[in-house]
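K.L.:
Quick one: structure below, then a few questions.
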Amino acid sequence: MSVIGIDTSNYTTSIAFFDGAGGENCSKLLPVKAGELGLRQSDAVFAHIKSLPELSGRLFSHIEARNITAVGVSTRPRNVEGSYMPCFMVGYSHGKLLSEALGVPLIAVSHQEGHVAASLWSAGHLELMNEPHLAWHLSGGTTELLLVEPEGKSVKCTRIGGTTDISAGQLIDRTGQLLNLPFPSGKHLDALSKEAQGREVFKVKCTNGEFSLSGVQNKVQQFHSAHGDADETAAYALRCVIGAVCTATAQAMKAYPGCRVVFSGGVSANAMLRELTKPFDPIFSQPQFSTDNAMGVAVLAYRAMEG
């Protein structure tokens, strides 16, 4: 048995193959003009329409279509009422066409569920799909702390904390814009921060796992104006964000004792985050499966087809 997974987020076009043990993810970042912070939905949709056939052709050039038993696709950002983003309709239409042509079921999941599944699979901890655990979804548009519980062959994600305004990814990308870095800026800030020597940080107030990052953006701008050093500014911004995440994590682990903590989403590839969260004994995905990808969608589709 093998499946196809498709994800068309606001940052990446991706299609994956999964056979229960291993697989392959083909992806392409959406093009963003220098100095801009992301794309309008109409531009994202157009980019997906151009990229998805190319990526599908690359994947199907060396896999047997006759062995495909299902097609999974992310159709919405989160599995909650009213969650919608037009770019996911490109993946849905492509997935629907594939499922009809191959005569196999189409399995719809959320982008967020796909991120959690990709982290667990790539970290070798799919057993957590069958027990409650905590999961961070840290990305360009989302900073949510989730209680993840098994629900049939899939999972139920309930938000229990996170940011009340801008996301960790947005703060990182705005810091990148301040430093004239390419978008998305995560890996560039990560590299710069490794050269920093300072330890200054703005402590973000966190109550019951909830915190605000909008004030941190002002603090980062003030820090850069005072110091003018890209390395130190990058590290300062990251320390502020990670400090809030660590505080919220500690609060959640106290409220839900015994739960493991999983990190997913593009921001979770950050080296400083991985270092500073070690006391929590966290589970991180392999970096290539932290960013937007279709592998988690394929994993969920495969599990849905298991007897």
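The values are calculated or read from the model by the stated rules, or taken from the named source; none is laboratory data. What you are looking at is a predicted structure, and each value in this text was computed from that prediction instead of being measured. Virtual Cβ from ideal backbone geometry, glycine too; neighbours counted across all protein chains shown. Keep in mind that these areas ignore ligands, DNA and RNA; they rest on the heavy atoms of the full protein, side chains included. Shrake-Rupley method; radii C 1.70, N 1.55, O 1.52, S 1.80 Å.
K.L.:
Checking Asn10 against (1) at pLDDT below 95; (2) surrounded by 20 or more Cβ atoms within 10 Å (Cβ to Cβ); (3) in contact with a Phe, Trp or Tyr (Cβ under 7 Å, 6 or more places away or on another chain), only one condition comes out false. Which one?
P.N.:
(3)
K.L.:
Another question about this same structure. Restricting to the stretch 272-305, what's the tally of residues that are open to solvent by 30 Å² or more (accessible area, probe 1.4 Å), among the acidic types (Asp, Glu) and part of a loop (DSSP other than H, G, I, E, B)?
P.N.:
1
K.L.:
Assuming Phe263 fulfils every condition listed in (1) aromatic (Phe, Trp, Tyr); (2) open to solvent by less than 20 Å² (accessible area, probe 1.4 Å); (3) out of contact with any Pro (no Cβ under 6 Å at 6 or more places or on another chain) apart from one, which condition is it?
P.N.:
Status for Phe263: all satisfied but (3).
K.L.:
Please work out which residue is most open to solvent (accessible area, probe 1.4 Å), limiting yourself to the stretch 242-260 and to residues that are assigned to a helix (DSSP H, G or I) and farther than 16 Å from Thr163 by Cβ. Write out each step before concluding.
P.N.:
Taking the stretch 242-260 first, the residues assigned to a helix (DSSP H, G or I) are 242-255.
Next cut, farther than 16 Å from Thr163 by Cβ only: 250, 253-255.
Values: Ala250: 49, Met253: 57, Lys254: 174, Ala255: 68 Å².
Residue satisfying both the conditions and the ranking: Lys254.
K.L.:
Within the stretch 45-74, can you find the residues that are β-branched (Val, Ile, Thr) and not in a loop (DSSP other than H, G, I, E, B)?
P.N.:
Correct list: Val45, Ile49, Ile68, Thr69, Val71, Val73.
K.L.:
Another question about this same structure. Please specify each residue of the stretch 75-112 satisfying the condition of being over 17 Å from the mean Cα position of the chain (by Cα), small (Gly, Ala, Ser) and either part of a loop (DSSP other than H, G, I, E, B) or closer than 17 Å to His137 by Cβ (or both).
P.N.:
Hits for the stretch 75-112 are Gly82, Gly103.
K.L.:
Just checking, how many residues over the stretch 15-44 are of a type outside the set (Lys, Arg) and either outside any loop (DSSP other than H, G, I, E, B) or touching a strand residue (DSSP E or B) at 6+ places or on another chain (Cβ under 8 Å) (or both)?
P.N.:
Count: 17.
K.L.:
Do any helices (runs of 4 or more DSSP H) entirely within the stretch 139-241 hold 3 or more residues that are open to solvent by 50 Å² or more (accessible area, probe 1.4 Å) and either without any contact (Cβ under 8 Å) to a residue 60 or more places away in the chain or of a type outside the set (S, T, N, Q) (or both), and if so, which? Before the answer, list the steps.
P.N.:
Details: elements: 168-178, 186-193, 214-227.
Correct list: 186-193, 214-227.
K.L.:
Going by what's in this entry, would Val45 be described as touching a residue at least 60 places away in the same chain (Cβ under 8 Å) and of a type in the set (A, V, I, L, M)?
P.N.:
no
K.L.:
Ok, one more. From the list Ser9, Ser56, Ser61, exactly one residue is farther than 26 Å from Leu138 by Cβ, small (Gly, Ala, Ser) and in contact (Cβ under 8 Å) with a residue 40 or more places away in the chain. Which is it?
P.N.:
Answer to the check: Ser56.
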